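Okay, so here's the structure we're looking at.
Each value in this text was obtained by applying a stated rule to the coordinates, not by laboratory testing. Note that the structure is predicted; figures quoted are calculated from it, not measured. Note that each Cβ is placed from the backbone with ideal geometry, even for glycine, and that neighbours are counted across all protein chains shown.
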Amino acid sequence: MGLMRQMGLMGVLKQPITLITLISPICSISPIDLIVMLKRFLLLAGCLGFSLIAAAQPKPNILILYADDWRHDTLGAAGHPVVKTPHLDQLAREGIRFTRAHVTTSICGVSRATLFTGQWMSRHGNPAFEMFKTPWSETYPGLLRANGYYTGHIGKWHNGKFPAEAFDFGRSYAGTHFIKQADGSTIHVTQKNENDALEFLRTRSKDKPFVLTLAFFATHAEDQHPKQYLYQPTSAALYQNVTIPIPTTAGDEYFKLLPPFIANEKNEGRNRWHWRFDTPEKYQEYMKAYYRLATEVDSTAGRVLAELKAQGLDENTLVIFTTDNGYFHGEHGLADKWYPYEESIRVPLIVRDPRMPKAKRGTTNDALALNVDTAPTILAAAGVSVPATMQGRDFAELYLKAKVRDWRQDYFYEHATIRSTDFIPSSEALVQRDVKYLYWPDFKYEELFDLKRDPQETRNLINDSKYAKRLTALRQRFAAVKAAAK
Ligand SMILES: [Ca+2]
């Protein structure tokens, strides 16, 4: 569609020539021919008018609501039995919700580098929390600013030093839930996210379209704090009288099914499980606190979206809600993310797009949409050419086109070793729609799960003879997608 918008101008340039050739013989023709001619002229003029409108249409604004460590099902719209997210649910009703969105690496710094560059870790080159090697001029904030966009980044930045000069409005902060301000007062990080986003919207340069990445710190834990999830005092009343369901795979017997280098107490996923979930009482307390942080983000999202509406911008703003990685809520006896199991690699993705046909609004789509797709989608919506070095694909095709037959059916997952192979070992995977092949390079260890029969990934089928033929094909495909990610 971005391309079509660019083409619109070419259409306008071409059509006047056709018009002249049509009108010039009018003087020497019969009245009936004249009527036919006039009809054709009006028809063409109609087309021309449409092209003019398309060409004159202002570029869309773009708002990315980017949460942190937010599980794919932490949404009322996804049928969650407890958490309340009324504003994001409303956004899903006005847009589309991707039910099988994934990240290509499940850790903050790497996934964020992928967000900006539209590239796999193998290409952007940041294995953890460093600046990516991709030139800034090939990121969506860089490209949109170069193309006349007023450009903002608010909140978390996890790729080395924050490049404030690269933004018209850049404010970076994260890591703690309560922030000390210059005047000595304290503010909650989500409230600061909201204040800054409203300030951005109210003070922005009004003669330019804008792109704002609102990068929340919630629902990320404050790792060094014993309470982990420090919500705003006004949220304390939420979820007091409910019981959070315990995941069916939370028991020790499931932890023991994990590869031996994960199923031990040295592993960071297990360590953090002890921080948060190792008694039923703690599970209730910490999960409720996590959901309070989520509902606070939802409320802030609601107020930012209300400001868009108040400024009359909601009909010309592409809004994307997503996150950098999923999260274990005690499944497999783990906490946090990193590993290629479903809880960790699946993320929420809601898109409200002014171009979206009415029939698509309020629907869901189960295509494999990836975090590498976000940057190309944003650029295409803005009518900016997508650099050939970007590896994702415009996911707007999935709601703008009547049918997309060649969308990906699988993808490559990758994660580097963090600190040591005891702490967080590296992992890779070929994720297909119905099956997943995992490879742990540090230990040359393989797993195979039948996602259709075993969506909770509790039966490793790597030595099951019934899957031997499939496994050979999966290993080949894994090598191919791995090579293509470079
Ligand atoms: Ca994260």
Revision key, fill the gap. Ile424 fails exactly one of (1) touching a helix residue (DSSP H, G or I) at 6+ places or on another chain (Cβ under 6 Å); (2) without any contact (Cβ under 8 Å) to a residue 60 or more places away in the chain; (3) more than 23 Å from Arg100 (Cα to Cα), namely (2)
Revision key, fill the gap. Within the range 278-295, restricting to residues that are touching a Leu at 6+ places or on another chain (Cβ under 9 Å) and either surrounded by fewer than 17 Cβ atoms within 10 Å (Cβ to Cβ) or not basic (Lys, Arg) (or both), the one that is farthest from Arg352 (Cα to Cα) is Ala289
**Study point:** Residues of the range 470-485 that turn out to be surrounded by 15 or more Cβ atoms within 10 Å (Cβ to Cβ) and either polar (S, T, N, Q) or not in a helix (DSSP H, G or I) (or both), as a count
**Key:** 1
Point to revise | Restricting the range 315-330 to residues that are in contact with a helix residue (DSSP H, G or I) (Cβ under 6 Å, 6 or more places away or on another chain) and over 20 Å from Thr374 (Cβ atoms), the residue that is nearest to the ligand (Cβ to nearest atom) | key: Phe328
Review point. Under 9 Å by Cβ, and 6 or more places apart or on different chains, what pairs join a residue from the range 93-114 that is farther than 19 Å from Glu428 by Cβ with one that is near the ligand (Cβ under 9 Å from one of its atoms) and among the hydroxyl-bearing types (Ser, Thr, Tyr)?
Key: none
Revision key, fill the gap. Leu400: passes all of (1) exposed (fewer than 15 other Cβ atoms within 10 Å of the Cβ); (2) over 16 Å from Gly142 (Cβ atoms) but (1)
Review point. Just a yes or no: is a residue in the range 227-240 touching a residue at least 60 places away in the same chain (Cβ under 8 Å), more than 25 Å from Thr458 (Cα to Cα) and within 16 Å of the ligand (Cβ to nearest atom)?
Key: yes
Check your understanding: Do we find that Ala218 is in a loop (DSSP other than H, G, I, E, B), among the small types (Gly, Ala, Ser), touching a Ser or Thr at 6+ places or on another chain (Cβ under 9 Å) and surrounded by 16 or more Cβ atoms within 10 Å (Cβ to Cβ) in this structure?
Key -> yes
Review point. Looking at the range 246-257, is at least one residue outside any loop (DSSP other than H, G, I, E, B), aromatic (Phe, Trp, Tyr) and touching a residue at least 24 places away in the same chain (Cβ under 8 Å)?
Key: yes
Point to revise | Unique match (being more than 16 Å from the ligand (Cβ to nearest atom) and either of a type in the set (S, T, N, Q) or surrounded by fewer than 24 Cβ atoms within 10 Å (Cβ to Cβ) (or both)) among Gly333, Gly269, Gly312 | key: Gly312
Practice item. Specify the residue that is surrounded by the fewest Cβ atoms within 10 Å (Cβ to Cβ); the eligible residues are those in the range 342-373 that are within 16 Å of the ligand (Cβ to nearest atom) and farther than 11 Å from Ala101 by Cα. Key: Glu343
Review point. Which ones in the range 196-224 are of a type in the set (Ser, Thr, Tyr) and within 16 Å of the ligand (Cβ to nearest atom)?
Key: Thr213, Thr219
Check your understanding: Within the set of pairs 6 or more residues apart or between chains, which connect a residue that is within 22 Å of Leu212 (Cα to Cα) and in contact (Cβ under 8 Å) with a residue 24 or more places away in the chain inside the range 123-141 to a residue that is among the β-branched types (Val, Ile, Thr) and surrounded by 16 or more Cβ atoms within 10 Å (Cβ to Cβ) with Cβ atoms less than 6 Å apart?
Key -> Phe132/Thr117; Thr134/Thr117; Thr139/Thr117; Tyr140/Ile378; Pro141/Thr151
Review point. Can you tell me which residue in the range 79-126 is farthest from Thr219 (Cα to Cα), limited to those that are more than 16 Å from the ligand (Cβ to nearest atom) and in contact with a Pro (Cβ under 7 Å, 6 or more places away or on another chain)?
Key: Gly118
Practice item. Look at the range 123-152 and say how many of its residues are in contact with a strand residue (DSSP E or B) (Cβ under 6 Å, 6 or more places away or on another chain) and polar (S, T, N, Q). Key: 1
